[in-house]
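The values are calculated or read from the model by the stated rules, or taken from the named source; none is laboratory data. Model, not experiment: these values are computed from the prediction. Here Cβ is always computed from backbone atoms with ideal geometry, including for glycine, and neighbour counts include all displayed protein chains. Keep in mind that these areas ignore ligands, DNA and RNA; they rest on the heavy atoms of the full protein, side chains included. Shrake-Rupley method; radii C 1.70, N 1.55, O 1.52, S 1.80 Å.
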Amino acid sequence: MLDYTIFGESHGPAVGVLVTGAAPGLPVDREIIARELERRAPGGPLATARHEPDRLHILSGVYQGFTTGDPICLVLENRDTRSGDYEALRNKPRPGHADYAAWVRSGGHNDPRGGGPYSGRLTAPLVAAGAMVKAWLKEQDIQLTARVVDEPALRQQAAEAKAHGDSVGGEIACTVTGLPAGLGGPGWREAVESELARHLFAIPAVKALGFGDGAALAALRGSQANDALRTDGTRVWTVTNHNGGINGGVTNGMPLTFTITFKPTPSIALPQDTVDLSRMENCTVTVQGRHDPCIALRAAPIVEAAAALALWRVLDPRGGDLKSLRLQLDDVDRQLVGLLVRRQELSRDIGAYKAAHGLPVRDPEREAQVLRSRGDLAPEHRAEVERLYETLMALSREQQS
């Protein structure tokens, strides 16, 4: 199954994406990717003054315009960084930004320049990967179209906010046509909404997602919200589409529609209350530098990209000969090996902590809790999961010894 990992930092040497699980022989058109990156690029008075050339480097996985079946690595260099703009923010997290959460998560070792990996800059490789997948979806007559909701009014609001050193949020509406009925399922692993939500909420500044009429459905009666079914004797459709083309986690053949809400840009020129983490004292911060007064105005291609990557995963399991299934299995194994290595590294660190504090290597109570909780994650496969974790914990004990 298709998977991807975005890497890099806003002010590091480059940002990129590693795409795995793509079948061999799929077309990769550099011009299509370049056009989508251009759609995302800033321009005009209501966008950041940072201008990156975003020339695509394909390091692996593509040969003579087609995927090889191996991991695809796409890289975009960072050329227009001004890291000095963030020196004053090193110990003063921006309210509303991920700065503080990143500081806690990393134990104080986060990259504060431009937000590091939490920056909107990381949406560039997302768009590159999504553009590639959108072309594959188009070959199956599946089209994604996103737009800014009430764009003229939003532009006016953004201009007014910028004049006062402030920012505004906004909404993106997306429509997907051509999806067949019957994709997905009722469980959280299968539901089409669940798959889309996982990808869309990973876009920086996304705070709400509604399918069909979304939150407006709460104000309707069933007689108003239900989508009446009709047929011509051959096909079935709904008269309205309040539910956005999905019922019970399964596509119903109508256009899939959803709306994404972006919060206002956290980086604003107005004084805001924060904390000086180096002194643990209350203070204020004023953010200088180059920032969009409204993120949503550039977000349509980003939303399309994330949705395309999610939908390809929904479509992917539908087919596959032995060769493609084995390729998917190989990809899963690569991920498992990487996770095993990481787990063993953590076990080593835990072992060092136990040794330093005079704690025993084996903790039967903890091991019982691990077996129980991991089995709860997949109760239909509890026996296999518990057998796996008995082996993993034995390896951990060896590492800690």
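The value obtained for region 3-318, namely the Cα convex hull volume divided by the number of residues, is 156 Å³ per residue.
When the C-alpha to C-alpha distance is required to be over 32 Å, the pairs from Lys92/Lys134; Lys134/Lys207; Lys92/Lys354; Lys263/Lys354; Lys92/Lys162 that qualify are Lys92/Lys134; Lys92/Lys354; Lys263/Lys354.
Highest mean packing first, where packing is the average number of other Cβ atoms within 10 Å per residue, the peptides 374-380, 293-299, 134-140 line up as 293-299, 134-140, 374-380. Averaging the Cα positions of each part gives two centres, and for region 70-115 and region 3-24 these lie 17 Å apart.
Ranked by solvent-accessible area (1.4 Å probe, protein heavy atoms only, all chains present), the residues Tyr118, Tyr4 order from largest to smallest as Tyr118, Tyr4.
Only helices enter this figure: runs of n ≥ 4 DSSP H residues, each worth -39500 (n - 2.57), summed and divided by the residues of the chain, yield -11500 deg cm²/dmol at 222 nm to the nearest 500. Efficiency by 1/(1 + (r/R0)^6): what FRET value for Gln369 and Arg397, r their Cβ-Cβ distance, R0 = 22 Å, to the nearest 0.05? With a Förster radius of 22 Å, E is 0.90. Take 230-243, 119-132 and order them by the average number of nearby Cβ atoms within 10 Å per residue, most first; the result is 119-132, 230-243.
Once C-alpha pairs closer than 8 Å and six or more residues apart are averaged by separation and normalised to the residue number of region 133-249, the relative contact order reads 21 percent. Size of region 38-139 from its Cα atoms: along the principal axes, largest to smallest, the extents are 47, 36, 23 Å. When Glu52, Glu390 are compared by accessible area at a 1.4 angstrom probe, the order from most to least is Glu390, Glu52. Counting charges near Arg90 (Lys, Arg +1; Asp, Glu -1) among other residues having Cβ under 11 Å from its Cβ returns a value of -2. Shown for region 3-318: the carbon plus sulfur share of the solvent-accessible area, taken with all protein chains present and a 1.4 angstrom probe, equals 52%. As a length-normalised measure over Cα pairs under 8 Å and 6 or more apart, the relative contact order of the chain settles at 19 percent. Counting only protein heavy atoms and using a 1.4 Å probe, the accessible area of Thr145 comes to about 90 Å².
For the peptides 61-71, 274-284, the ranking by mean Cβ contacts within 10 Å, running from highest to lowest, is 61-71, 274-284.
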